[in-house]
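Below: the structure, in structure tokens.
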Amino acid sequence: RKQIERDEYWKRREHILHTLNSDNPGIRLAAISLLTELADSAAHSNLLNLTEKQQLQRHIIDTLCLQVRHEGLNISSEGTTDEHAELQREIISSILARVSQQRHHETLANWSEETISINNARIITPLTISNTTIQATLDLSNTIFYNALTIRESSFNSIQWDSTQFNEGLITDSSLIKTDSLPKYMKSGRFTETRFLTKRNRLIFTFIPHSTKSSI
């Protein structure tokens with residue numbers, strides 16, 4: 001019976017993956033909610049061993065990151081731009097809730113030691129990250145932000161973003177960011193009361209101006 005119940009977690013995941021292929025943005029939004037609920041349930045299951053829990057959590061994280069990339073394609077037959085942006089915002093918010101030590105709740109899955117790979121993506125939703133402590137590694141390599149990314153009163157243990165492109169702006173305020181590189185591609189950048197920590201001897205800002213008026 002325990003094996004049957006363990007298999008049920010994977011069956012639920014497969015069913016949710018099938019619904020993520022829907023052209024209906026409302027159905028995809030519901031699938032995202034079901035997927036994160038599955039992650040929380042599995043994290044506290046007495047039926048799954050540690051290895052099974054880790055494998056399932058990794059599959060769910062990778063699926064959510066893949067869906068962020070898919071929504072960024074902004075396929076008109078699968079919803080409006082606003083609907084795609086809302087889905088991206090919901091996915092990223094769900095991820096942040098589970099990687100944040102400060103917001104972590106015992107009922108949520110703990111992804112604070114995972115690598116979150118939102119790389120090679122197009123982020124079409126504005127994002128604000130505030131009062132958040134992120135211990136996980138955040139990989140934003142080769143991702144394009146079409147709207148501003150704002151970071152306020154937050155801490156990032158590891159972020160990869162030297163090749164990330166900010167078409168609007170990157171704003172940080174009262175934050176601590178551990179990184180071995182700084183973004184090169186920005187229309188504008190504003191860093192206020194922000195500390196950058198690096199393992200390198202020096203941290204170089206190589207600013208490649210945007211095609212329109214740029215400032216830092």
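Observations on the structure shown:
- For the stretch 6-79, the square roots of the Cα gyration tensor eigenvalues, ordered a ≥ b ≥ c, give a/c of at least 1.5 with a/b greater than b/c, which places it in the prolate category.
- Shape category assigned to the stretch 17-59 from the gyration tensor of Cα positions, a/c cut at 1.5: prolate
- In the complete set of protein chains, residue-level accessible area for residue 80 is approximately 80 Å², probe 1.4 angstrom.
- Taking all protein chains into account, the per residue accessible area for the chain stands at 53 Å² (1.4 Å probe).
- Rounded, prolate or oblate (a/c below 1.5 giving rounded, otherwise prolate when a/b exceeds b/c) for the stretch 55-160 by Cα gyration tensor: prolate
- Here the relative contact order of the stretch 61-216, from alpha carbon pairs under 8 Å that lie six or more residues apart, stands at 15 percent.
- When the Gaussian network model of the chain links Cα atoms closer than 10 Å, the mean-square fluctuations of 199, 53, 187 top out at 199.
- Every helix of 4 or more DSSP H residues in the chain counts as -39500 (n - 2.57), and over all residues that averages to -12500 deg cm²/dmol at 222 nm.
- Within-14-Å neighbourhood charge of residue 61 [Cβ basis; K, R +1; D, E -1]: 0
- Kyte-Doolittle at least 0.0, axis length at least 20 Å by Cα - qualifying DSSP helices, the chain: 25-43
- Kirkwood radius for the stretch 135-216, taken over all pairs of different Cα atoms as the inverse mean of 1/r, rounds to 12.8 Å.
- Each principal axis of the Cα atoms in the chain has its own extent, and those three values, largest first, are 61, 41, 23 angstrom.
- Accessible surface of the chain, 1.4 Å probe, proportion on carbon and sulfur as whole %: 46
The values are calculated or read from the model by the stated rules, or taken from the named source; none is laboratory data. On a predicted model such as this, the values are computed, not experimentally measured, just so you know. Heads up, the Cβs are rebuilt from the backbone with ideal geometry, glycines too, and the neighbour counts pull from every protein chain shown. What goes into the accessible areas is simple: the full protein's heavy atoms, side chains included, and nothing from ligands, DNA or RNA. Shrake-Rupley method; radii C 1.70, N 1.55, O 1.52, S 1.80 Å.
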